[in-house]
């Protein structure tokens, strides 16, 4: 049904929980694909023992490169990008399938209703504490809570995990590596979807996933994603989310511009940012020798015989 892409960086206890929840709580058979960053904590050995198809990099190449790398293994028509610190509850995938059947052939971005243990100020997330990690995880309590939830679908918003068609993923080229190690890469992906005509951005209420939260981002040097987004697209993330994506919830078809136009605040901020350092400096500051971390396996293994002229 889905090709589930999971990038991970020395987070083995969480990854085990995530994979176990997919296997036990899915209504359909899915393809689990993992990109292992480093893997020196035993992750690389574990995915090999489990027979999980995977890609691997010597160091942490960030979420954008990692998810793109493993996406090339995807064989199903629907691609789902999931964090390794997420736990699926029963019905998570069947709710997606029901939503896709309702939507039909229109391009769409679907996400789950996220449950998190701490209040981060995100009003779109359900706050309920069932543990901050594998050591204190209360699975029974979570499953009982999730089964009683009555959350409706919400349009015009984007959460995680990310479900799109494989066609749509390839059409926009997946995640943009200039946002490495990953801050604001989700919003950049949404903008690319917008440009190719996606106008359905929906959180599916019956797809409920627990997110332990920020198990990887707290260990990295963050890029200035908001600045990079604005310098690339000319609009701020807030401008795009509230003046374009959010309006898809009630706007009549064809009434929103195909290319977002910056408001005054976006224009002013872009001028100010233009005097700063170049956006991709963040890449160098995070990992000065990124190519050395990557594995390059493509080669010409078959003999190449020139075609004979038909003359």
message = Looking at the range 25-42, can you tell me whether even one residue there is assigned to a helix (DSSP H, G or I), crowded, with 17+ Cβ neighbours inside 10 Å, without any contact (Cβ under 8 Å) to a residue 40 or more places away in the chain and over 16 Å from the mean Cα position of the chain (by Cα)?
response = no
task = Please tell me if residue 87 is touching a strand residue (DSSP E or B) at 6+ places or on another chain (Cβ under 8 Å), surrounded by 15 or more Cβ atoms within 10 Å (Cβ to Cβ), outside any strand (DSSP E or B) and at negative phi.
result = no
inquiry  = I'm checking my understanding of the structure. Among residues of the range 73-84 that are under 15 Å from the mean Cα position of the chain (by Cα) and in a loop (DSSP other than H, G, I, E, B), which one is surrounded by the fewest Cβ atoms within 10 Å (Cβ to Cβ)?
reply    = 74
ask   = Name the pairs: first residue in the range 198-222 and on the phi > 0 side of the Ramachandran plot and at pLDDT 80 or above, second residue assigned to a loop (DSSP other than H, G, I, E, B) and buried (at least 21 other Cβ atoms within 10 Å of the Cβ), Cβ to Cβ under 8 Å, at least 6 apart or on different chains?
value = 213/85
key: Hits in the range 1-22 - residues which are in a helix (DSSP H, G or I) and closer than 16 Å to residue 210 by Cβ   = 13, 14, 15, 16, 17, 18, 19, 20, 21, 22
task = Only one of these is farther than 24 Å from residue 169 by Cβ and outside any loop (DSSP other than H, G, I, E, B): 202, 267, 222. Name it.
result = 267
request  = Go through the range 17-38 and give me each residue that's out of contact with any helix residue (DSSP H, G or I) (no Cβ under 7 Å at 6 or more places or on another chain) and modelled with pLDDT of 95 or more.
outcome  = 18, 19, 20, 21, 22, 23, 24, 29, 31
query = Mind checking whether some residue in the range 232-245 is under 21 Å from residue 10 (Cα atoms) and in a loop (DSSP other than H, G, I, E, B)?
reply = no
Qualifying positions in the range 181-197 - farther than 18 Å from residue 114 by Cβ, in contact (Cβ under 8 Å) with a residue 24 or more places away in the chain and assigned to a helix (DSSP H, G or I) = 188, 191, 193, 194, 195
inquiry  = Given (1) farther than 19 Å from residue 160 by Cα; (2) buried (at least 16 other Cβ atoms within 10 Å of the Cβ); (3) touching a strand residue (DSSP E or B) at 6+ places or on another chain (Cβ under 6 Å), identify the lone condition not met by residue 12.
reply    = (3)
remark   = Flagged in the range 104-144 as modelled with pLDDT of 95 or more and within 18 Å of the chain's Cα centre (by Cα), in numbering order, are 107, 108, 109, 110, 111, 112, 113, 114, 115, 116, 125
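The values are calculated or read from the model by the stated rules, or taken from the named source; none is laboratory data. Just so we're clear, the structure is a prediction, and the values are computed from it rather than from any experiment. Here Cβ is always computed from backbone atoms with ideal geometry, including for glycine, and neighbour counts include all displayed protein chains.
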